[in-house]
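Okay, so here's the structure we're looking at.
The values are calculated or read from the model by the stated rules, or taken from the named source; none is laboratory data. Treat the numbers as computed from the prediction; the structure is a model and nothing was measured. Positions of Cβ are generated from backbone atoms using ideal geometry, with glycine treated the same way; all protein chains shown enter the neighbour counts. With ligands, DNA and RNA removed, areas are computed over all heavy atoms of the protein, side chains included. Shrake-Rupley method; radii C 1.70, N 1.55, O 1.52, S 1.80 Å.
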Amino acid sequence: MDIKKVNEDGNTLEIRNLVIHYISDDETVKAVNGVDIIIRSGKTLGLVGETGAGKTTTALSILNLVPEPQGKIISGEVLLEGKSVFEMTEHELQDMRGDKVAMIFQDPMTSLNPVLTVGDQIAESLEIHRKLNKDEAMKQAKEMLEMVGIPAERAYEYPYQFSGGMKQRVVIAIALACSPDLLIADEPTTALDVTIQAQVLNLINELKQKYHMSMLMITHDLGIVAEVCDEVSVIYGGRIVEHGTLEDIFDNMRHPYTKGLFGALPDIEVRRSELKPIKGLMPDPTNLPPGCSFHPRCDYAMEVCSKVAPENRWLDDTHCVECHLYKDTNESRL
Amino acid sequence: MESTTRNYTTRKEFFKQYKKKSRMQEIWRMFCKNKLAVLGLILFIIIVAVAVAAPLIADYNQEALKINVPQRLKAPNSEHILGTDEMGRDIFARIVHGARISLVVGLSSVALALFIGGAFGAIAGFFGGKTDNFIMRAMDVFLCLPDVLLALAIVAAFGTNLVNMTIAIGLSFTPKFSRVVRSAVMTVRGIEYVEAARAIGSTNTHIITNHILINCIGPIIVQVTLYVASAILTISALSFIGLGIQAPIPEWGNMLASGRAYMRDHAYIVMAPGLAIFVTILALNLLGDGLRDALDPRLKQ
């Protein structure tokens, strides 16, 4: 995908043509194959795709935490406010992580250290980045806890004393402790049940506005996207296949895969309609199909789809799609 | 979860009880729940107290060292509660003074081994790859020499005194600690909270000390207690072959060794030092198990 508005001022994050492979002795997993992402200051981008589409790898690359030594960044760059993270020194990276960019991990059960109190864990990033001493950091950590709706007194408790939803609030408090410019939320609600999901999403929305943060929301849940995001990128087989504003994607979707994603959602108004799952499975990332990697599952596949990879095309200022159907037309052909 | 935020004032009072308990108090409370561990701690304190107060309990020169042939091989009686050995020395006095050597050398050699071996093991386990290979292969070289042989070589080369013996035993245990710490570190380093710590900008040193080692404390403490016991046995073994504590100085190992010849008719001579070693090791193991459970908040009910 080629992005029109490169070098525009106020971009918190720019990812350009990012290619990441995981290389082991006998195979190469092509996790990310040329992803472009731009997040403007204060905006939220939803990155939507199935399991294994390369969402988490993309997120980790922003912090330059792609697991070594298997994970190899083949090409591309990640720019944070114009500065390339792949060229940062280890020291600059440590300064950036947690201060400029923070990440909410998927599973609150394993992303908290079981033998440290939650207060200590929130205070840790304040001690690192704000150079506070233990007492001051703890005081601020308690304020963070109050902010996410947990009584400050509980700062002295251990993660096992919290429920899943409260642990996720603690994880959010850790991520927000140094009020980062960019918050990466990697499926923050996947491990939670539905009632808690709503609470956590409301909390994220509130805090996002309060601190004017940019956010990258990684999810496979389109409901979350509608609630939290300004723009959406749909990722498939390590490439962004469609990108646009919420209206572009929800009301004027163009790509057959995006349509498939919505077809797989139950419709509350038409209760008799059947779910239409996308046929087949995600392609094996060690052996992606030639041409468009979605063509074996696509209802609209043409001959050309299995031979030539489609090029990215902007339909208007905000909406772009990567599909052979739109080579010469902007009208929906679904 | 709602209720915790809603009934705020009452909850606040409820949580005060947590606030007042520091981490140490919490650990102590957990420790006390384990009766066997408390027994181990009491035994260990008694042994340490006896070692510290040895000169008050029995006179070193008169009772533990002075040869008194007419009194030799007396069975336990009111004057000598554990009897006398083949030279007529009071066994109780010798045990009491022997405790000092065993404890000092046992604890300090394990501390040395833990410090060096632990540091190497943590580095190897955390960084993996070539670093790991290099360190662990070097440790393997040491590991393929039996401890007693390695300790013996060091003592033989540098002379037999307490410091050399401590260093010798400490170095011979180093590879074992590096293995234990390395494997514990490797199980922890892949867990998501280590990645999360990296994502908030922690340095490697900070991650190793604050996030990884603290989660490995259980197996390490158990190893420490086991190896203190094993160090006490190694001192005894070295004394037994004459390269440890030299003959007139009382030490549990050389008491066993010299009493061995009289074991058939005067079993109490070897029984007393044997029991001393047994009780010390038992106390350390019980203590270690209890500490491991108390230090791990995951095991709290």
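Here are a few things to note about the model shown:
- Search result, residues across the range A:102-116 that are facing another protein chain (nearest Cβ under 8 Å) and either within 23 Å of residue B:218 (Cα to Cα) or open to solvent by less than 20 Å² (accessible area, probe 1.4 Å) (or both): A:102, A:103, A:105, A:110, A:111, A:112, A:113, A:114, A:115, A:116
- Of all residues in the range A:225-238, those that are in a strand (DSSP E or B) and modelled with pLDDT under 90 total 0.
- Looking across the range A:235-281, the residues that are buried (at least 21 other Cβ atoms within 10 Å of the Cβ) and either over 22 Å from residue A:217 (Cα atoms) or of a type in the set (Val, Ile, Thr) (or both) come down to A:235, A:240, A:241, A:249, A:256, A:258.
- Qualifying residue in the range A:125-143 (condition: closer than 27 Å to residue A:219 by Cβ, facing another protein chain (nearest Cβ under 9 Å) and open to solvent by less than 20 Å² (accessible area, probe 1.4 Å)): yes
- Only listed residue being within 10 Å of chain B (Cβ to nearest Cβ) and either in contact with a Ser or Thr (Cβ under 8 Å, 6 or more places away or on another chain) or among the aromatic types (Phe, Trp, Tyr) (or both), chosen from A:174, A:184: A:174
- Residue A:149 in a helix (DSSP H, G or I) and at the interface with chain B (Cβ under 7 Å from one of its Cβ atoms): no
Quick grid of which residues meet (1) open to solvent by 90 Å² or more (accessible area, probe 1.4 Å); (2) away from chain A (no Cβ under 14 Å); (3) within 30 Å of residue A:200 (Cα to Cα); (4) at pLDDT 80 or above:
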{"position": "B:2", "(1), (2), (3), (4)": "no, no, yes, no"}
{"position": "B:14", "(1), (2), (3), (4)": "yes, no, yes, no"}
{"position": "B:17", "(1), (2), (3), (4)": "yes, no, yes, no"}
{"position": "B:35", "(1), (2), (3), (4)": "yes, yes, no, yes"}
{"position": "B:44", "(1), (2), (3), (4)": "no, yes, no, yes"}
{"position": "B:60", "(1), (2), (3), (4)": "no, yes, no, yes"}
{"position": "B:64", "(1), (2), (3), (4)": "no, yes, no, no"}
{"position": "B:71", "(1), (2), (3), (4)": "no, yes, no, no"}
{"position": "B:80", "(1), (2), (3), (4)": "no, yes, no, yes"}
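- Just one residue in the set B:155, B:110, B:105, B:181 is open to solvent by less than 30 Å² (accessible area, probe 1.4 Å) and either more than 27 Å from residue B:258 (Cα to Cα) or charged (D, E, K, R) (or both); that residue is B:181.
- Candidates B:207, B:232, B:221, B:200, filtered to the one that is touching a Gly at 6+ places or on another chain (Cβ under 8 Å), within 14 Å of chain A (Cβ to nearest Cβ) and open to solvent by less than 20 Å² (accessible area, probe 1.4 Å): B:200
- Test: residue in the range A:69-90 that is at pLDDT 90 or above, within 16 Å of residue A:180 (Cβ to Cβ) and within 11 Å of chain B (Cβ to nearest Cβ): no
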